[in-house]
Amino acid sequence: MNIILLGAPGAGKGTQAKRLEDSHSLVQLSTGDMLRAAVASGSDLGRQAKAVMDAGKLVADELIIRMISDRIDEPDCKGGFILDGFPRTSPQAEALDKMLTGKGLRLDAVIEMKVDEDALVERITGRYSCVKCGAGYHDKFQIPAKAGVCDRCGGTEFNRRADDNEETVRTRLEAYRGQTAPILPYYRDKGILKTVDGMAAIDEVTRQIEAGLAA
Ligand code: AP5
Ligand code: MG
């Protein structure tokens, strides 16, 4: 099964992708995580992406499309993948279709996670993640069962993202509204768009996604 999680910054894409990885043995392909890894490694791609990401704008389509196409070719993606944060523009959506056809693959579902923008700044500014496995937490909404220990992998190191500040979040929301939300009709027309209530509690969002995938 190959699926897309589509939603505004802070909608819960990463949170739900990690759950789907565990429950369906899929691989999470988060373009944001890949870019942050490239920035941390100091690669050419990382150098090109850093300033754009810090400003909350979108990295150039060509770079992202090449990055995701190469990643899908890796053997661990054979059992299916979750695209988290890709596609985010019409050219990316069209390139994905061509890419999948060329690789003999197809999309099974696109899950839209619908949220109220007002809630997102609080979600994003309270977020932190496990350095070892990437599991996401929140100061208020998702606290590890044992303080300072990751529920998923037992890791004890956590970090916060450079772009998780109120000012950058506003620019990221604008990019979502202007460049990403307009691709929703593309998937609605294909009949594979399923919408879930991203404002619900984390477990309830998971339940709605599972119901959408089973339908
Ligand atoms: P990316 O890393 O994709 O960031 P984003 O889209 O802004 O989304 P986030 O990761 O912030 O949110 P999320 O939906 O994953 O939420 P999460 O589950 O963590 O992209 C970063 C940057 O990289 C972009 O700005 C751009 O520059 C570049 N980029 C990436 N992909 C690109 C592309 N395709 N093209 C061009 N540029 C690209 O949840 C957030 C918090 O809320 C967490 O703390 C969580 O615990 C909590 N939470 C989750 N669900 C709930 C819930 N239901 N109730 C309460 N709290 C919840
Ligand atoms: Mg994310």
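The values are calculated or read from the model by the stated rules, or taken from the named source; none is laboratory data. Bear in mind that the values here come from a model prediction, so they are computed numbers and not experimental data. Every residue, glycine as well, gets a Cβ built from its backbone with ideal geometry; the counts of neighbours run over all protein chains shown.
Answer yes if at least one residue in segment 183-195 is among the small types (Gly, Ala, Ser) and either in contact with a helix residue (DSSP H, G or I) (Cβ under 8 Å, 6 or more places away or on another chain) or under 23 Å from GLY136 (Cβ atoms) (or both), and no otherwise.
Checked segment 183-195: no residue is among the small types (Gly, Ala, Ser) and either in contact with a helix residue (DSSP H, G or I) (Cβ under 8 Å, 6 or more places away or on another chain) or under 23 Å from GLY136 (Cβ atoms) (or both).
Right, LEU193: more than 16 Å from ligand 2 (Cβ to nearest atom), of a type in the set (A, V, I, L, M) and surrounded by 15 or more Cβ atoms within 10 Å (Cβ to Cβ) or not?
Yes.
Taking the options ARG127, ARG152, name whichever one is within 16 Å of ligand 2 (Cβ to nearest atom) and either among the aromatic types (Phe, Trp, Tyr) or touching a His at 6+ places or on another chain (Cβ under 7 Å) (or both).
Testing whether each residue is within 16 Å of ligand 2 (Cβ to nearest atom) and either among the aromatic types (Phe, Trp, Tyr) or touching a His at 6+ places or on another chain (Cβ under 7 Å) (or both) leaves just ARG127.
Do we find a residue being without any contact (Cβ under 8 Å) to a residue 24 or more places away in the chain, more than 26 Å from ALA175 (Cα to Cα) and surrounded by fewer than 17 Cβ atoms within 10 Å (Cβ to Cβ) anywhere in segment 108-125?
no
Looking at the structure I just gave you, is THR180 surrounded by 15 or more Cβ atoms within 10 Å (Cβ to Cβ), within 19 Å of THR31 (Cα to Cα), in contact (Cβ under 8 Å) with a residue 60 or more places away in the chain and in contact with a Gly (Cβ under 8 Å, 6 or more places away or on another chain)?
no
Within segment 55-70, take every residue that is out of contact with any helix residue (DSSP H, G or I) (no Cβ under 7 Å at 6 or more places or on another chain) and in a helix (DSSP H, G or I) and give me the one that is nearest to THR171 (Cα to Cα).
Once the filter is applied, the top-ranked residue is GLU62.
Can you tell me which residues in segment 20-47 are more than 20 Å from PHE81 (Cα to Cα), away from ligand 1 (no atom under 11 Å from the Cβ) and either part of a helix (DSSP H, G or I) or in contact (Cβ under 8 Å) with a residue 40 or more places away in the chain (or both)?
If the condition is that a residue be more than 20 Å from PHE81 (Cα to Cα), away from ligand 1 (no atom under 11 Å from the Cβ) and either part of a helix (DSSP H, G or I) or in contact (Cβ under 8 Å) with a residue 40 or more places away in the chain (or both), then ALA40, SER41, ASP44, LEU45, GLY46, ARG47 are the ones that fit.
Can you report the number of residues in segment 122-150 which are assigned to a strand (DSSP E or B) and in contact with a helix residue (DSSP H, G or I) (Cβ under 6 Å, 6 or more places away or on another chain)?
1
Report the residue count in segment 74-88 for those that are acidic (Asp, Glu) and within 9 Å of ligand 1 (Cβ to nearest atom).
The total comes to 1.
Condition first: polar (S, T, N, Q), modelled with pLDDT of 95 or more and surrounded by fewer than 15 Cβ atoms within 10 Å (Cβ to Cβ). Can you find one or more residues in segment 155-166 that meet it?
Yes, segment 155-166 contains at least one residue that is polar (S, T, N, Q), modelled with pLDDT of 95 or more and surrounded by fewer than 15 Cβ atoms within 10 Å (Cβ to Cβ).
If we scan segment 91-98, do we find a residue that is part of a helix (DSSP H, G or I), surrounded by 17 or more Cβ atoms within 10 Å (Cβ to Cβ) and in contact with an Asp or Glu (Cβ under 6 Å, 6 or more places away or on another chain)?
Yes, because at least one residue in segment 91-98 is part of a helix (DSSP H, G or I), surrounded by 17 or more Cβ atoms within 10 Å (Cβ to Cβ) and in contact with an Asp or Glu (Cβ under 6 Å, 6 or more places away or on another chain).
Across segment 109-119, what is the number of residues that are closer than 18 Å to GLU210 by Cα and touching a Leu at 6+ places or on another chain (Cβ under 8 Å)?
5
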